[in-house]
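First comes the structure, then the notes that go with it.
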Amino acid sequence: MKRAYLGLLIIAMVSQFAFAAESSGVKVDVLAKSTLSWDGNVLPNYPVGKPEITILKIAIAPKTTLPLHQHPLINAGVLLKGVLTVITEDKKVLYLKAGEALIEVVDKWHYGVNEGEETAEIVVFYAGVQGQALSQTKAP
């Protein structure tokens, strides 16, 4: 009961902040908010342990294909520059352009491709526990 009340209180506070910010000349845009990854799968529960947040800025050169990999933890990103295509092992495809956000797939093999003519830059936020790997690659 206390957790539900606390959750509602937090939502009310965030909503109030967004309203106050917008009325004071600050614009708030929600880039992504979901309980699902971009391919429609439900996000897993957070692991138990000491929380650790990692934020990476990743630059992917033009015409570069990333290796097949998966993430064992929830992560989300915003493409700052360029274009990026993300493809899962079961052939689901996401096309991103600058300014768009994604909530990444978890425990699912996928890879990214920069098919554009400029470097793609993405900032990715990982929410895991201390000592947890951010990703693993699949052996060829």
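Criterion first (within 24 Å of A120 (Cα to Cα) and among the charged types (D, E, K, R)) does K50 satisfy it?
Here the answer is no, as K50 does not meet what is asked.
Which residues, taken from the range 70-114, are out of contact with any Lys or Arg (no Cβ under 8 Å at 6 or more places or on another chain), charged (D, E, K, R) and closer than 30 Å to Q130 by Cβ?
E104, D107, K108, listed by residue number.
Only one of D90, D29, D39 is surrounded by 12 or more Cβ atoms within 10 Å (Cβ to Cβ), acidic (D, E) and either assigned to a loop (DSSP other than H, G, I, E, B) or touching a helix residue (DSSP H, G or I) at 6+ places or on another chain (Cβ under 7 Å) (or both); which?
One residue alone meets the criteria, D39.
I'd like the residue in the range 93-112 that is of a type outside the set (G, A, S) and buried (at least 18 other Cβ atoms within 10 Å of the Cβ) and, out of all such residues, is farthest from I55 (Cα to Cα).
In this case the residue turns out to be L94.
Of the conditions (1) part of a loop (DSSP other than H, G, I, E, B); (2) modelled with pLDDT of 95 or more; (3) surrounded by 11 or more Cβ atoms within 10 Å (Cβ to Cβ), Y46 clears all except one; give me its number.
Going through (1) part of a loop (DSSP other than H, G, I, E, B); (2) modelled with pLDDT of 95 or more; (3) surrounded by 11 or more Cβ atoms within 10 Å (Cβ to Cβ) one by one, Y46 breaks only (2).
Select, from V113, V83, V26, V123, the only residue that is among the aliphatic types (A, V, I, L, M) and at pLDDT below 95.
The conditions single out V26.
Please work out which residue is nearest to P72 (Cα to Cα), limiting yourself to the range 116-140 and to residues that are surrounded by fewer than 15 Cβ atoms within 10 Å (Cβ to Cβ) and charged (D, E, K, R).
If we take residues in the range 116-140 being surrounded by fewer than 15 Cβ atoms within 10 Å (Cβ to Cβ) and charged (D, E, K, R), then K138 is nearest to P72 (Cα to Cα).
So which pairs qualify, if the first residue must be in the range 26-38 and farther than 24 Å from Y111 by Cβ, the second must be assigned to a loop (DSSP other than H, G, I, E, B), the Cβ gap must be under 8 Å, and the two must be at least 6 apart or on different chains?
Qualifying pairs under 8 Å: T35/L43.
Residue check, P62 against (1) touching a residue at least 24 places away in the same chain (Cβ under 8 Å); (2) in a strand (DSSP E or B), all met but one. Which one?
Evaluating P62 over (1) touching a residue at least 24 places away in the same chain (Cβ under 8 Å); (2) in a strand (DSSP E or B) leaves (2) as the failure.
Hey, any hits in the range 67-83 for a residue that's part of a loop (DSSP other than H, G, I, E, B), in the same structural domain as Q132 (by TED's automatic domain parsing) and basic (K, R)?
No: zero hits.
Residue by residue through the range 123-140, note down the ones that are part of a loop (DSSP other than H, G, I, E, B) and either in contact with a Gly (Cβ under 9 Å, 6 or more places away or on another chain) or under 19 Å from L43 (Cα atoms) (or both).
Q130, G131, Q132, A133, L134, S135
The values are calculated or read from the model by the stated rules, or taken from the named source; none is laboratory data. On a predicted model such as this, the values are computed, not experimentally measured, just so you know. Note that we place each Cβ from the backbone using ideal geometry, even for glycine, and neighbour counts take in every protein chain shown.
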